[in-house]
Amino acid sequence: MKRTYLNLVVILNVILAFLMIGCGGDNEDVVVVDNPAAKDSANGADKSGKYKIYLITMDLADDFWHSIDAGCREAVAEMGDVDYKWIGPDTHEDASQKVCIEQAINDKVDAIVLASSSLTGINDVLQKAKDAGIKIVFVDNAATFDHVAFLATDNEAAGAEAGRVMQKALDEAGITSGTIGMMVNKANVTSTALRVKGFRSVFEGTAFKLDDTFFMEDDPQRIKDFIAAHPEYIAYFGSNERTTLAIGDQLKTSGDKRLVIGFDTSDAVLALVYDGIVHAVMRQNPERMGREGMEIAVKALNGTYTDTNVRIDTGVNIIYQDALR
């Protein structure tokens, strides 16, 4: 009887451990970075001054989020006083990200470093986090909610710079008019909306037509089908990693030549630049977002960072084919 009881306890503990590593549905790819020396107390801090901090991103797939996680882990390794985990949903949905934030609240975290899934769609659960005394630091994309700091690219300025890069490339190719496709993943993401706004501003008053924004909706095939159906388009703007990949993959498969300016620098995107399929990409600094976001979260908890709603521009660089050869 005693052995049966012990076996049951073991089984229950295994199930509980499995449930604790993910959120937002049937997700086996949650990356968890945890400090095993950390101990829970009333709000996640133990007597030695350790804090419990979660990184929550829009999903767990894109290399961009992995880079933010790497920056967070770098800061944690240097500071040595943080019990850290990275969690996120399977898809860019407010409801799924809310589940992750609820998990963080239930786990009694001290702070959340958060890439918000939308501008206003998660504000209700963020209020719960605030009521629980949790500090919020936004990275890449923020909600309209009070926070300690928001670290991100100046997306409108970066979009305008991408537009100037395309404008120069079109001029060098002798192309003076035509339609440019504008590709975005989701309609409710502020960062990509601002990039498109900045990009469009560069072409105002020119002979070029910038088409209505096309939304991929987490389905790359939508962009591939769109490109196949519009051979008359002269160029495309990919506003993030996923849209840039979808554009590049379609052009690589079809062998068609179009001028492409994209965003983000995963290995797959850089391979497209190396092969000359994508003319240039805008490289953000996600590692800096994660590293400095984590540092600011800890300083806010220590009381040495007292500012609120601070905006920090983490910069952007342009990557051309020549830089990869």
Rounded to 0.05, the calculated FRET efficiency for the beta carbons of Asp267 and Asn302 at R₀ = 45 Å is 0.75
So, counting K/R as plus one and D/E as minus one, what does the shell of residues with Cβ under 15 Å around Lys168 add up to?
-3
Dipole size in debye (nearest 20) for region 99-254 around its Cα centre, Lys and Arg Cβ +1, Asp and Glu Cβ -1?
100
With region 99-164 reduced to its Cα atoms and the Debye formula applied, log10 I(q)/I(0) at q = 0.17, 0.27 1/Å amounts to -0.59, -1.20
Please compute the length gained on full extension between Ala228 and Glu172, using 0.36 nm multiplied by the number of residues separating them and subtracting their Cα-Cα distance.
17.6 nm
For region 162-250, what is the convex hull volume of the alpha-carbon atoms per residue, in Å³?
89
Alpha-carbon centroid distance for the pair region 168-188 / region 46-125, whole angstrom
35
Provide the FRET efficiency to the nearest 0.05 for the Asp256-Lys130 pair, computing r from the beta carbons and using R0 = 56 Å.
0.65
Using the Cβ atoms and a cut-off under 14 Å, what net charge is assigned to the surroundings of Ser201, where Lys and Arg are +1 and Asp and Glu are -1?
0
Asp154's amide H: which non-local residues (gap 5+, or another chain) put their own amide H closer than 5 Å, with H modeled 1.01 Å from N in plane and none for Pro or chain starts?
Thr314, Gly315
Quick check: residue separation of Ala77 and Thr206 times 0.36 nm, minus the Cα distance between them. What number comes out in nm?
41.4 nm
Two decimals is fine: what's Rg over Rh for region 239-325, C-alpha atoms, Kirkwood radius as Rh?
1.18
Once phi is turned into θ = phi - 60°, what whole-Hz ³J(HN,Hα) does the Karplus curve with 6.51, -1.76 and 1.60 give for every residue of region 228-245, x standing for Gly and Pro?
4, 7, 10, x, 7, 5, 8, 7, 9, 10, x, 7, 7, 4, 5, 5, 4, 4
Mind listing the long-range amide H neighbours of Leu210? Cut-off is under 5 Å, sequence gap 5 or more, other chains count too, H placed in the peptide plane at 1.01 Å from N.
Ile180
For region 238-325, the dipole about the Cα centre with charges only on Cβ (Lys and Arg +1, Asp and Glu -1), to the nearest 20 debye, works out at 120
Quick one: which of Lys128/Lys197; Lys98/Lys197; Lys85/Lys128; Lys197/Lys252; Lys224/Lys257; Lys108/Lys186 span more than 24 angstrom between C-alpha atoms?
Lys128/Lys197; Lys98/Lys197; Lys197/Lys252; Lys108/Lys186
In terms of the Cα gyration tensor, with a ≥ b ≥ c the square roots of its eigenvalues, is region 57-193 rounded because a/c is under 1.5, prolate because a/b exceeds b/c, or oblate?
prolate
Can you bin region 58-97 into rounded, prolate or oblate? Criterion: square roots of the alpha carbon gyration tensor eigenvalues sorted a ≥ b ≥ c, rounded for a/c under 1.5, prolate for a/b above b/c, oblate for the rest.
oblate
Can you list residues from other chains, or at least 5 along the same chain, whose modelled amide H is less than 5 Å from the amide H of Val82?
Tyr51
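Laboratory data are not the source of any read-out in this text; all were calculated from the coordinates shown. It should be emphasised that the depicted structure is a prediction, and the values quoted were computed from it without experimental measurement. Positions of Cβ are generated from backbone atoms using ideal geometry, with glycine treated the same way; all protein chains shown enter the neighbour counts.
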